[in-house]
Structures are given as structure tokens and as C-alpha cells.
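Here the structure comes first, spelled out in C-alpha cells, and everything after it is commentary.
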Amino acid sequence: MAAVVCGASSAWATHPDYEGERGIEAHVAMGYGLFTSASDRVFLTAGEVSTGALDAFSGGFNARLGAGYRMLPYLSAGITAGVQYLGAADQYTASEARLGAADSFIGYTVGVYARLYVGSLLNGARTAPRVFFRSAGDTRRFDPFVSLGMEFVQGIQRSRSYTEPQNLTSWTTTYIGIPIVLGAEYRVVTQFAVGINLGFTPLVGARTNRLSQTRDLRPGIDEITRTSTDYTPDAAANLNLWLGLTARYTLTF
């Protein structure tokens, strides 16, 4: 006589990785950004604004992209790039107004980042095998993070046209920045998350380049003169702030 004994058993589908992700990550943030110093002092020397600074621009749409590698479930690093559209304040000196001055602005940035996923660090991701989320409210879906970086180029470009189309002036002010970002993301699936972030970047060491094109039109003379000048603007420090919605995808291996 033979007897067969059956016992209950259970198994969980696991992944060789750990809770969170390892792999190539890409993220995008879109929202609103501004600079705390937004007057003529950003572009002009102290002598040029000695009679008082005029508002130059206001905040606007901000978009930032990042791509990097998540080498640990709670740590990633990579490169970033961004663009910010700024609104012209349309305030000019009396002489500029008579010449029909009109400004346009745009900001841009290029840098690197390191991101610490605080939630993954605290929930045991270093040792816990990956499991499927139990529900929409599973706490492992919530992925707060803090990011620190370096922006080698943080620039604001101002372009000015006049009634005479051959007369043009542009100012490009560049800074070095240390972006600090706080964020909270919700993992829709293991690899894809959406959320919100708040960033602030102290900016220092401003340098401005001014390019001018002037047309001299007189009887028998039609000449265009172009000049380029580099100098330290009156506002050599600034602060960039932005708030946006984010989306992140990690291609795991």
C-alpha cells in the first residue's frame, strides 16, 4: 500500500532585482518657473541702471528633461537640460521707447544631477525582493525623492528689436547653479511613475555678453556696425524657482 501526502505550499513571483528599479531612467517635468531677480540689473552694468532698475521680464512655462542610470533602487544620477519661456515686462527708458524697442526672453540650462529616492531607501529596498503591488494604496507605490545637482550653464537671453529692423541688441547672461529638487511620485506600474516636484536653484557668478548691431544710414552712407562686449552685470546672483508635474520611466534590465 502506498500513501501520498500532499501539503500546502505557496510561491511568489519575484524578480532578480530589488524593490524599486535599476536601469536607465528618463524623466520630464513641466510647469511654471521664475527668477527672483527679473529687472534690467540681470543684463546691465551698475552704471547703466544708476537711475533705477526697470522690470525686464516675468515667469513662464518651464520644461526640464533628465536621463540617467538608477544604479541602486534608491539612487540615480544623470544629465539634465531645460528651457523656460519668460514674458517681457515691456518697460523701457524714454529713449528706447522712442526707438520702438520690443523685447523677447528665453532661459535655458544644462547640468547633471544625483537623485535619492527616500521612500525606497526607507522601505527596505536594499534587501527586499521585488513583489507585485497589492493595491492602488500600497505604500511602496509612493516614491518621494530629493535631488542635488550642478548646472554648468544657466542662461537668460534677451533679444531686442527696434522700429528700424537693422538695429538689434541681445544680452545673454549665464550663471553657475546648484539645483535642489524635492519631489513626490506615484508608481502607476513598477517602471512608470507620475508626480510633482519643486525646484530652487541658487545662481552665482553671472557674466553677460552683449551683441549690438547698428545701422548708420545717411546720404551716401549705409553701414552696419556690430559690437560684442563681455562684463559682469549689476545682479551677479539670482534664484531660479519652478514647480511642475513630472513623469518618469525606468527601463529595467
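Here are the numbers for this structure:
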| item | result |
| --- | --- |
| Every residue from region 117-154 that is small (G, A, S) and either more than 20 Å from the chain's Cα centre (by Cα) or modelled with pLDDT under 95 (or both) | G119, S120, G124, A125, A128, S135, A136, G137 |
| Residue within region 189-202 that is more than 15 Å from the chain's Cα centre (by Cα) and either over 23 Å from P73 (Cβ atoms) or basic (K, R) (or both) present | no |
| Test result for Y162, touching an Asp or Glu at 6+ places or on another chain (Cβ under 9 Å), closer than 29 Å to D55 by Cβ and not small (G, A, S) | yes |
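The values are calculated or read from the model by the stated rules, or taken from the named source; none is laboratory data. Every value quoted in this text rests on a predicted model; they were computed, and no experiment measured them. Note that we place each Cβ from the backbone using ideal geometry, even for glycine, and neighbour counts take in every protein chain shown.
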